[in-house]
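Each reported figure results from applying straightforward, stated rules to the coordinates on display, with no laboratory input. None of the values given here were measured: they were computed from a predicted structure.
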Amino acid sequence: MLPRIHGFDSGLFNEFRRLEQEMDQLFGAGFWPNTMRSVANDNIPPINVGVTPEQVDLYLFAAGVNPEELDISINDNRLSIKGERHVERDDGLNYFRKERYDGAFHKVVTLPDDVDADKVEARYDNGVLHIVIQRRESSKPRQITVQ
C-alpha cells in the first residue's frame, strides 16, 4: 500500500530497518534517542526563554551545576552560557538508559535586537539559573498623551 500512495519502494524502507538493526548490534544501542528530550551527548540542560515589552527572561534548568563555575556573556545580542555538571558514576554499571546530563555544556541564545547588555541580572536558586535582561528604554512602549 505504501508504494502506491507515496511512490516509494517498500524494499527501500526494509533496507533502512535492516541497516538500523545492524548498527544497533555493532554499537550496542538504539540509533534513535529514547525520548524526545534526549540529545546525542546527553549533556545539554534545557532552557525556557520568555519575553515581555520590558525584559527577556531565560531559565536554564541546571541542577547540580556549581553557579560559581558558570561563564555567562553577551556579545552581539547572543547570550552564551558555559558550564559543567559533575555526576558521580558507578563504573561497575552498564547503563542502558541515561537521561541525566553530565559534563561540559555550552548554550548560545540569540536575543532580540533591543536588549541592553549593561542591564543583566543572573540568579541561581534550587538548580535553576534565572537570567533577566532588560530592554533598552528607547524600545519600550511609551504612552503618548493627546493634547
Can you run phi through the Karplus equation (6.51, -1.76, 1.60; θ = phi - 60°) for region 94-109 and list ³J(HN,Hα) in whole Hz, with x for Gly and Pro?
-> 10, 6, 9, 8, 9, 10, 8, 6, 8, x, 6, 9, 8, 10, 10, 10
Scalar couplings 3J(HN,Hα) for region 82-87 by Karplus 6.51 cos²θ - 1.76 cosθ + 1.60 (θ = phi - 60°), nearest whole Hz, x for Gly and Pro, are 10, x, 8, 10, 9, 10
